[in-house]
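So the structure is just underneath, and the comments pick up after that.
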Amino acid sequence: MHELYIAECIMKSVAASLPGDVPSDSVREVRVQVGQLDAVIPDTLIFVFDAIKGKSGLPNANLSVEQIDVKCRCRACTHEFGIELPVFVCPQCGGGDVEVLHGRGILLTGITVENEEAKEDGNSDHS
Amino acid sequence: MEIPIIRDVLEESNLRAQENRALFDKHGVFAVNIMSSPGSGKTTLLQKTIPALKERGFSCAVIEGDITSTIDSERLQPLGVPVVQANTEPFGGDCHLGSHLVQAALKHLDLSAIDFLFIENIGNLVCPAEFYLGENRRVVVLSLPEGEDKPLKYPLMFRECSVCLLNKMDLAPHLEVDVERIKSNIRKTNGQIAILPMSAKTGEGIDQWIAWLLRARNGPR
């Protein structure tokens with residue numbers, strides 16, 4: 001289960017990405033994209049994120065995970081194709097020299113923070 | 001307020017890995033990350049590989065990854081090469097070696113005296129594939145008793161590796177396993193991967209594995 005380590009990496013990425021004047025406890029949502037090839041289970045990632053967020057300085061943050069399908073390109077005939085089964089063979093020419101265009105890697109894509117005005121107004125409804 | 005970002009979550013991990021790689025390059029170390037399921041024969045492979053390389057005049061060292069215990073390190077002690085144990089238990093019991101752990105282990109090695117550094121990753125076909133450690137090559141060991149379906153169940157591992165060592169070939173007559181189907185499934189996940197059938201126990205196929213290592217070390221890193 002590498003979700004715990006990845007959740008810790010997400011926390012560090014958020015901390016490194018927050019503007020200096022934005023307190024980490026104002027973070028409400030953290031958005032990530034996870035490639036299907038990475039074998040990360042979104043529910044597990046959210047579960048461990050919630051388990052450690054209090055200690056990691058993001059007590060009010062929820063994690064939103066978007067899974068990205070795998071898309072490939074054949075290096076022989078340049079045909080681009082998506083895959084559902086883990087078979088990296090070009091459906092057009094049968095070649096096995098295939099590069100993955102997307103669907104691999106974990107990206108932090110955005111953060112939502114509570115704005116100061118909302119705090120001052122006592123508006124705590126972020127649903 | 002929305003803050004749009006595009007940032008690789010593993011940025012810090014990859015940075016540590018690049019630092020490791022810079023150290024390998026500086027000292028002429030060829031680092032090989034060996035991955036597999038538990039029990040597929042990684043340690044036995046090293047028990048055969050290291051003497052074969054020593055015979056040819058190469059010096060070796062091992063970073064031995066385990067969640068807990070020093071059992072594998074103890075098995076390698078008689079080989080007389082530096083072995084650094086890297087346990088992940090103090091770091092939360094991670095099921096893979098991280099680049100920071102490898103970096104910590106490197107401090108215990110005299111890299112200028114090492115030709116081949118073997119990083120025996122934690123037995124697991126899922127997580128280790130995800131994390132770059134700074135290695136020159138990635139190797140997956142798949143043993144026959146694990147069955148034909150494993151490459152299709154753990155495609156990232158087979159996509160990430162340059163070579164698959166098909167281990168425990170000596171068991172083939174005793175198993176209902178279709179070796180050609182295993183090879184075909186490996187190639188479905190990665191058409192470029194080299195497949196080397198072998199038995200670390202009997203020594204069958206070790207020579208072609210050593211030849212592969214020497215070619216890889218002498219070629220573009």
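Values in this text are rule-based calculations from the coordinates and carry no lab data. Keep in mind that what you see is a predicted model, and the values were worked out from it rather than measured. Neighbour counts are summed over all protein chains in view; Cβ atoms, including those assigned to glycine, are modelled from backbone coordinates with ideal geometry.
Tell me, what ³J(HN,Hα) does each residue in the range B:70-87 have, in order and in whole Hz, if you take phi through Karplus 6.51 cos²θ - 1.76 cosθ + 1.60 with θ = phi - 60° and put x for Gly and Pro?
Result, ordered by residue: 10, 4, 5, 4, 5, 5, 8, 3, x, 6, x, 10, x, 10, 10, 7, 10, 9 Hz.
What is the antiparallel percent of DSSP beta bridges lying wholly in chain A, to the nearest 5?
65
Would you mind working out the magnitude of the charge dipole of chain B relative to its Cα centre, with +1 at each Lys and Arg C-beta and -1 at each Asp and Glu C-beta, to the nearest 20 Debye?
Charge dipole, chain B, about its Cα centre: 660 debye, nearest 20.
Using the Cβ atoms and a cut-off under 13 Å, what net charge is assigned to the surroundings of A:Pro42, where Lys and Arg are +1 and Asp and Glu are -1?
Net charge in that neighbourhood comes out at -4.
Find the relative contact order for the range B:16-205 and round it to a whole percent, using C-alpha pairs within less than 8 Å whose residues are 6+ positions apart. Show your work: numbers first, answer last.
Details: 390 pairs, mean separation 51.4, N = 190.
After rounding, I find 27 percent.
In nm, what is the difference between 0.36 nm times the number of residues separating B:Ala113 and B:Gln77 and their Cα-Cα distance? Mind dumping the intermediate values first?
Numbers: separation 36, 0.36 × 36 = 12.96 nm, distance 1.78 nm.
Extra length available between B:Ala113 and B:Gln77 comes to 11.2 nm.
Please give me the summed charge of the neighbours of B:Leu53: other residues whose Cβ is under 13 Å from its Cβ, Lys and Arg +1, Asp and Glu -1.
Value of the local net charge: +1.
Please identify which residues in the range B:153-174 have an amide N closer than 17 Å to a label point set 7 Å out from the Cα of A:Arg75, following the Cα→Cβ vector.
B:158-164, by backbone N distance to the label point.
About its Cα centre, how strong a charge dipole does the range B:113-198 have in debye, to the nearest 20, once Lys and Arg get +1 and Asp and Glu get -1 at the Cβ?
The calculation lands at about 280 debye.
How much of the DSSP beta bridge set in the protein assembly as shown is antiparallel, as a percent to the nearest 5?
Given both bridge residues lie in the protein assembly as shown, the antiparallel proportion sits at roughly 35 percent.
Taking 0.36 nm per residue of separation and subtracting the Cα-Cα distance, what length does fully extending B:Gln47 through B:Leu15 add?
8.4 nm
When chain B is treated as a GNM, springs tying every alpha-carbon pair under 10 Å, which of B:Pro38, B:Pro82, B:Pro151 comes out with the largest mean-square fluctuation?
For chain B, modelled as a Gaussian network with Cα springs under 10 Å, the answer is B:Pro38.
Using a basic spin-label model with each label point 7 Å from the Cα along Cα→Cβ, how many nm lie between A:Val87 and A:Ile52?
Once both label points are built, they end up 3.8 nm from each other.
Within the range B:1-42, what residues put their amide N at less than 15 Å from the label point 7 Å along the Cα-to-Cβ vector of A:Glu29?
Correct set: B:1-5.
For chain A, what is the per residue volume of the convex hull drawn over the alpha-carbon atoms, in cubic angstrom?
Cα-based convex hull of chain A, divided per residue, equals 130 Å³.
Tell me, for chain A, which Cys residues have no other cysteine's C-beta sitting closer than 4.7 Å.
Cysteines of chain A left without a disulfide-compatible partner: A:Cys9, A:Cys72.
Between 0 and 90 degrees, rounded to the nearest ten: what's the tilt of helix A:42-52 against the longest Cα principal axis of chain A?
Tilt of helix A:42-52: around 30 degrees.
Largest first, please: the extent of the C-alpha atoms of the range B:16-205 along each principal axis, to the nearest Å.
Projected onto its principal axes, the Cα set of the range B:16-205 covers 45, 33, 31 Å.
Using the Karplus equation 6.51 cos²θ - 1.76 cosθ + 1.60 (θ = phi - 60°), what ³J(HN,Hα) coupling, rounded to whole Hz, does each residue of the range B:101-110 give in order, writing x for Gly and Pro?
Going residue by residue, I get 5, 5, 4, 5, 5, 4, 5, 9, 10, 8 Hz, with x marking Gly and Pro.
Using the alpha carbons of the range B:39-115, what is the convex hull volume per residue in cubic angstrom, as a whole number?
Cα convex hull per residue, to the nearest whole number: 93 Å³.
What residues have an amide H closer than 5 Å to that of A:Ile68, excluding those fewer than 5 places away on the same chain, when H is modeled at 1.01 Å from N in the peptide plane?
So A:Ile68 has HN proximity to A:Val34, A:Gly35, A:Gln36.
For the range B:98-174, what is Rg from Cα atoms divided by 2.2 N^0.38 Å, rounded to two decimals? Let's see the in-between values first.
Working: Rg = 14.8 Å, N = 77, 2.2 N^0.38 = 11.5 Å.
Output field value: 1.29.
Across the Cα atoms of the protein assembly as shown, what radius of gyration and what greatest pairwise Cα-Cα distance (Dmax) are found, in Å?
22.2, 76
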